[in-house]
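The values are calculated or read from the model by the stated rules, or taken from the named source; none is laboratory data. This structure is a prediction, so every number in the text was calculated from the model and none was measured. Positions of Cβ are backbone-derived with ideal geometry, glycine not excepted, and every protein chain shown enters the neighbour counts. When the accessible area is computed, the model is the full protein with side chains, heavy atoms only, and any ligands, DNA or RNA have been set aside. Shrake-Rupley method; radii C 1.70, N 1.55, O 1.52, S 1.80 Å.
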Amino acid sequence: MNERGLKVLEQYDLKVLGTRRGRGSFICETDRGLKLIAEFYGSAKRLRFQNRALDYLREQGYALVDRTVENAEGELVTKDRDETVYIVKDWFEGKECDTKNEGDILAAVRNLANLHRLLWLPQEEDAETYAGDRLDEEYAARNREIKRAWNYMRGRRRKSEFESCFLNSYSMFFEQAQEAQRELTDSAYGEMYEEAMKQGRLCHGDYNQHQVLNTKKGTATTNFGKCRYDVQTGDLYQFLRKILEKQDWDIKLGMAMVEEYDKMVALGRREREYLRIRLAYPEKFWKLANHYYNHNKAWIPGKSVEKLRMLISQQQKMNAFLKTLDF
């Protein structure tokens, strides 16, 4: 965003004391604490749902969340003279979770478990709008997308380095994808999903190191834009995969993360099986296939080749970690 966006602050009951650039945003010192202003591309209706969840967290004592601030007219979104839409959120001074620091990582896991203990919000009439997609249906769609990319690459006469590498590893990863889909269908996932809906269990939806800030007042959690009703163990899966991919699937660290979460939110047989199936699914392989198929095939970033080679090289260590999740 550019500095013209700061003009929308005139529509808020705030006295701005100073501003600085953030990541795609501006961070503002105000008489009502630190605020963040950024362009917004979503719906005001979802923002209201998000604020409802964050207000509920605050009522239970979890205060360090980036609630969207209402403007002087009580609206959550504000437009400038060019009709560009902005939001203003509560913000915090802090350092992101360090993915190389075990203390930071385990603290982030405890923070996630604490969020999950508190994020049980009664559903309203339009709750299905904020329900997570069924994962069994999602896996089926993803597997079709992987196969579609494979069919396309196979038919090309001159193959790039990425295409050759993808085709050579396709059998291994597609077999993993199909097996994960079968296992998920045969597991207790459907039961867990229905329970989450009935009980009003919410996920953060995008929990990673960037959303966890270590502040002087405690741990702040940000960016609840993908918050939804869903199986909460999915958040743990996402964070676990992010960290372990960076840590070369360190078994000791991975189990420490699982055990740290389990101390606060019990992981029974169903949850561990779900976690193992999620980790076994080759999500990054699917993402690479999907990105390739839907973008410019004449120019494939070198980073895509690097990611695929890294994925292949980590398979043995990942499988060793998955065995530790079996009872």
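Return the long-range amide H neighbours of GLY22 (sequence gap of 5 or more, or a different chain), with a cut-off of under 5 Å between placed amide H atoms.
So GLY22 has HN proximity to ILE27.
To the nearest 20 Debye, how big is the dipole of the chain about its Cα centre, given +1 on the beta carbon of each Lys and Arg and -1 on that of each Asp and Glu?
1300 debye
Would you kindly derive the ³J(HN,Hα) couplings of the stretch 15-27 from the backbone phi angles with the Karplus curve 6.51 cos²θ - 1.76 cosθ + 1.60 (θ = phi - 60°), listing them in order in whole Hz, with x for Gly and Pro?
Working through the residues one at a time gives 9, 7, 9, x, 9, 8, 6, x, 7, x, 7, 10, 9 Hz.
Which residue fluctuates most in the GNM of the chain (Cα springs below 10 Å): TYR207, TYR229, TYR170?
Residue with maximal mean-square fluctuation among TYR207, TYR229, TYR170: TYR170.
Points 7 angstrom from Cα along the Cβ direction at ARG144 and TRP120: gap in nanometres?
Each label point lies 7 Å from its Cα, and together they span 3.7 nm.
Using a 1.4 Å probe on the protein chains only, how many percent of the accessible area of the stretch 285-327 belongs to carbon and sulfur?
55 percent
Which of the listed residues, SER187, GLN123, PHE162, is farthest toward the dipole's positive end in the stretch 114-224, when Lys, Arg count +1 and Asp, Glu count -1 at the beta-carbon?
Towards the positive end, the residue furthest out is PHE162.
Over the stretch 223-284, what percent of the accessible surface lies on carbon and sulfur atoms, probe 1.4 Å?
44 percent
Quick check: the angle from helix 44-59's long axis to the longest principal axis of the chain, C-alpha only, nearest 10 degrees?
80 degrees
How many angstrom lie between the Cα centre of the stretch 71-143 and the Cα centre of the stretch 240-310?
Answer, in whole Å: 20.
What list of ³J(HN,Hα) couplings, whole Hz, do you get for the stretch 4-13 from phi and the Karplus terms 6.51, -1.76, 1.60, once you set θ to phi - 60° and write x for glycine and proline?
Here the 3J(HN,Hα) series is 4, x, 5, 4, 5, 5, 5, 8, 10, 7 Hz.
Only sites in a loop by DSSP and with at most 12 other Cβ atoms within 10 Å count here; which trypsin sites (Lys or Arg not before Pro) in the stretch 75-172 make the cut?
ARG81, LYS100, ARG156, ARG157, ARG158
On average, how much accessible surface per residue is there in the stretch 155-249, in Å², for a 1.4 Å probe, leaving out ligands, DNA and RNA?
45 Å²
Applying 1/(1 + (r/R0)^6) with R0 = 51 Å to the Cβ-Cβ distance of ASN290 and LYS15, what FRET efficiency is obtained, to the nearest 0.05?
According to the calculation, E is roughly 0.65.
Amide H neighbours of VAL77 under 5 Å, counting only residues 5+ apart in sequence or on other chains, H built in-plane at 1.01 Å?
Under 5 Å from the amide H of VAL77: no residue qualifies.
If R₀ is 22 angstrom, what is the calculated FRET efficiency for the pair ARG23 and SER313, using the beta carbon separation as r and rounding to 0.05?
0.15
Tell me, what ³J(HN,Hα) does each residue in the stretch 238-247 have, in order and in whole Hz, if you take phi through Karplus 6.51 cos²θ - 1.76 cosθ + 1.60 with θ = phi - 60° and put x for Gly and Pro?
Per-residue couplings from phi come out as 4, 5, 4, 5, 4, 5, 5, 5, 6, 9 Hz.
Report, in degrees rounded to the nearest 10, the 0 to 90 angle that the Cα long axis of helix 102-118 makes with the longest principal axis of the chain.
For helix 102-118, the angle is close to 70 degrees.
Could you tell me which GluC sites (Glu not before Pro) in the stretch 90-128 are loop residues by DSSP with no more than 13 other beta carbons within 10 angstrom of their beta carbon?
GLU93, GLU124, GLU125
Just the number, please: carbon plus sulfur as a percent of the accessible area of the stretch 86-215, 1.4 Å probe, no ligands or DNA/RNA counted.
43 percent
Give me the extension gain from GLU73 to GLU59: residue separation times 0.36 nm, minus the current Cα-Cα distance, reported in nm with one decimal.
Separation in residues times 0.36 nm, less the Cα-Cα distance, equals 2.6 nm.
Where does the stretch 43-155 land on the Kirkwood hydrodynamic radius, alpha-carbon pairs, in angstrom?
18.2 Å
Please sort by residue number the chymotrypsin sites (Phe, Trp or Tyr not before Pro) in the stretch 20-59 whose DSSP state is loop and whose Cβ has at most 14 other Cβ atoms within 10 Å.
Those satisfying the criteria are TYR41.
In terms of modelled amide H atoms, which long-range or inter-chain residues lie less than 5 Å from the amide H of TRP91?
For TRP91, whose amide H was placed from the backbone, the distant partners under 5 Å are LEU34, LYS35, LEU36.
Under a point-charge model restricted to the Cβ atoms of Lys and Arg (+1) and Asp and Glu (-1), what is the dipole moment magnitude of the stretch 153-223 relative to its Cα centre, in debye to the nearest 20?
Approximately 540 debye in magnitude.
Dipole size in debye (nearest 20) for the stretch 217-319 around its Cα centre, Lys and Arg Cβ +1, Asp and Glu Cβ -1?
In debye, rounded to 20, the stretch 217-319 gives about 280.
Eigenvalues of the Cα gyration tensor times 5, then square-rooted: what semi-axes does that give for the stretch 1-104, in whole angstrom, largest first?
Each semi-axis is √(5λ); the values are 24, 18, 14 Å.
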